[in-house]
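The values are calculated or read from the model by the stated rules, or taken from the named source; none is laboratory data. Source: prediction; values computed, not measured. No Cβ is skipped: glycine too gets one built from the backbone with ideal geometry, and neighbour counts run over all protein chains shown. Note: accessible area is taken over every heavy atom of the protein model, side chains too, but ligands, DNA and RNA are not part of it. Shrake-Rupley method; radii C 1.70, N 1.55, O 1.52, S 1.80 Å.
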Amino acid sequence: MKEKINVLFISSEIAPFAKTGGLADVCGTLPYYLAKEGVNIRLMMPYYGFIDQEKYNIDPLPILKLSVHIGNTPIEFQLYQGLLTDDAIRIYFIRNDAYYHRESIYVNPENGRDWEDNVERFVLLSKAALEIIQHIEFVPDIIHVNDWQTGLLPLYLSEHYKQQAPYTHIKTLMSIHNIAYQGIFEIEKFEQLGLPAIYLKFGSGLEFWGRLNFLKAGIVYADLLNTVSKTYAQEIQKSEEFGYGLEGILAERKNDLYGILNGMDNSEWDPRIDEHIHVNYDVSSIERKKENKRYLLKTINMNDNDHYPLIGLISRLVDQKGIDLIQDRINELLELNIKMIILGTGEEKYHRFFQKVQQTYPDKVAVFLEFNNKLAHQIEAGSDMFLMPSKYEPCGLNQMYSLRYGTVPIVRETGGLADTVKDFDPITKKGNGFVFSQYDSKELLSTVKRAIRYFQKPDVWKIIMENGMSTDFSWNRSAIEYIKLYNKMLEVS
Ligand code: ADP
């Protein structure tokens, strides 16, 4: 085992600098825990126009004339450097204003479509990452790439760099955060990649039904692969429903594909110290959770009724999240003795649906079609149950927050939900939630009914809450798993 592993960690979004979703949170948090466990890690991302240079103390490095080819054109870029939060973790920014000086990462806000030069923008990211290694006096043992935006890097390493120093021993780990997003582009863009024509051929590591697939390249050429839960790692190689067309090549690499559950941010989501909630509590003062429920119900103008469980839902309102199952059974659900609070934004069809539900059942449901972090915390603290019936869920965070807050999750058995929420067994008293397996609204309804029956037995309910509150989802645990993978890669070399 190597004493100190050098890792260059690359992503198109890293919080707090740039974020569109969970990828940024993972990429902004995991490196900190890896460094704490002794990994010598440096990060890299594009220098987008909206990144505040002064706020983050980002400075240019005095390296002259860095350039890579995009197609036949040499493209110059500059290297800037900052720190990830206040910790001594170096982060490099690739600056090329023509490609990155924009207010939005992937999409042109004027027309809502992807930027037309996303191929060039992410070719630049992968090539620049490899190029800077000759200039920064840091030779990584491992380059850790994330999602399709960095999928070309393992291919470029093997095709252009691997044969020469200092690249000969570098290994690559590809993390897949959500396989539904693959970076698929028209074949006309192939010239921009600067690769031999063999990669155009049917069945190459890049070709995908007559188009280019950046994630596929990462999957084929990286030394090892991982995704963000064990169950999702299995699911994405089994069927098109989960693998989105990449299930075949993932199955071919099944021995190299691992699942490592993401951690959750214990400092932001901790009912003992959460500043957004009415009353703090923990597992030894669980009864105080009720005060949060009363407060929440009062603030949303709902009658307080301790005997009715309050079911929370916080979600992007998109098909992935299983909102159509709720839609299917909404009347039967709201005829039960429950109350619901819903917070989310997303597709227009679901906005219209929930607006209508609010009008039809004003006493039983409160709907907030907005992004509201404070309310999200209050819902986690004040609800009795949390509904998350996803169609697929690579890892999922909300169910972990719910467990931590003693808010019993009702989930579909998929991906990270299957790995974190275990169905309660009344005999052994084990389990921290309620789980159904088929993507079927009948199962959703009967599982909610089952949860309500247990809710009516306060002693048993308390055990379920306690089981959830004592589960460990720390980033420490994830970081240790990642380090095991890093070591595995270095052993085989
Ligand atoms: P995904 O990343 O697929 O959206 P996760 O459960 O992994 O799902 O993470 C969602 C994150 O976004 C959580 O932190 C959740 O609290 C937050 N979130 C989603 N929608 C809202 C909203 N409308 N208001 C506040 N927070 C939200």
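The figures follow:
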{"quantity": "Nitroxide proxy distance, nm - points 7 Å out along Cα→Cβ at residue 88 and residue 363", "calculated": "6.4"}
{"quantity": "Point-to-point label distance, residue 276-residue 437, nm (Cα→Cβ direction, 7 Å offset)", "calculated": "3.5"}
{"quantity": "Heavy-atom accessible area order for 55, 374, largest first, 1.4 Å probe", "calculated": "55, 374"}
{"quantity": "Solvent-accessible area per residue, Å², over the chain with all protein chains present [probe radius 1.4 Å]", "calculated": "43"}
{"quantity": "Probe 1.4 Å - accessible area at residue 253, Å² to nearest ten", "calculated": "40"}
{"quantity": "Pairs from 321/462; 293/462; 289/429 whose Cα-Cα separation, in the structure shown, is over 23 Å", "calculated": "321/462"}
{"quantity": "Residue 349/residue 371 FRET efficiency (R0 22 Å; Cβ-Cβ; nearest 0.05)", "calculated": "0.75"}
{"quantity": "Hits among lysines - C-alpha to C-alpha of residue 189 under 29 Å, sequence gap 8 or more where chains match", "calculated": "19, 65, 127, 162, 171, 201, 216"}
{"quantity": "Angle between the chain longest axis and helix 289-299 axis [Cα atoms, degrees, rounded to 10]", "calculated": "90"}
{"quantity": "Between helix 373-382 and the chain: long-axis angle, C-alpha atoms, 0 to 90°, nearest 10", "calculated": "40"}
{"quantity": "DSSP beta bridge pairing in the chain, given as percent antiparallel to the nearest 5", "calculated": "30"}
{"quantity": "With every protein chain in place, the chain: carbon and sulfur % of accessible area (1.4 Å)", "calculated": "48"}
{"quantity": "Solvent-accessible surface (1.4 angstrom probe) belonging to residue 252, in square angstrom, nearest 10", "calculated": "150"}
{"quantity": "For the chain, calculated [θ]222 nm from helices alone, where every DSSP H run of n ≥ 4 adds -39500 (n - 2.57)", "calculated": "-9500 deg cm²/dmol"}
{"quantity": "Label-point separation in nm, residue 255 to residue 200, each point 7 Å along Cα→Cβ", "calculated": "3.5"}
{"quantity": "Antiparallel %, DSSP beta bridges [both residues in the range 283-471], to 5", "calculated": "5"}
{"quantity": "Fraction in percent of alpha-carbon pairs per bin - 5 Å, the range 99-246", "calculated": "2, 9, 18, 21, 20, 16, 10, 4, 1"}
